[in-house]
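One structure is given here, and the rest of the page talks about it.
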Amino acid sequence: MLMRRLDQALGAVPEPLSVIAPPPPLAVRLSLPEPIGLMDDLREGAARLLARLCARLAERGEGARALRLE
């Protein structure tokens, strides 16, 4: 086992790699009437989106490192 690993490290023997594909991205959407005049409306909308996103992540047994709000 050790010799095979050394040979692989030195490139003498091929080392097959298992590629792990990233999970498909998740997105949630909320349409609001324009113009949005109250900050509380934005906060409420963001809270609703976040709750839905967290539920979908939990269903998949996943988490998030970063989120993007557009």
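Quick notes
- Residue in region 23-46 that is in contact (Cβ under 8 Å) with a residue 24 or more places away in the chain and either more than 30 Å from L69 (Cβ to Cβ) or surrounded by fewer than 11 Cβ atoms within 10 Å (Cβ to Cβ) (or both) present: yes
- Within region 32-70, considering residues that are basic (K, R) and under 18 Å from the mean Cα position of the chain (by Cα), the one farthest from P22 (Cα to Cα): R52
- Residues that are touching a residue at least 12 places away in the same chain (Cβ under 8 Å) and either in contact with a strand residue (DSSP E or B) (Cβ under 7 Å, 6 or more places away or on another chain) or assigned to a loop (DSSP other than H, G, I, E, B) (or both) within region 47-63 comprise just one, E62.
- Of all residues in region 1-18, those that are assigned to a loop (DSSP other than H, G, I, E, B), among the hydrophobic types (A, V, I, L, M, F, W, C) and at pLDDT 90 or above total 3.
- All positions within region 25-46 that are outside any loop (DSSP other than H, G, I, E, B) and of a type in the set (G, A, S): G45, A46
The values are calculated or read from the model by the stated rules, or taken from the named source; none is laboratory data. In this text the structure is predicted, and so the values were computed from the model without any measurement. So basically every Cβ, Gly included, is an ideal-geometry build from the backbone, and we count neighbours across all protein chains shown.
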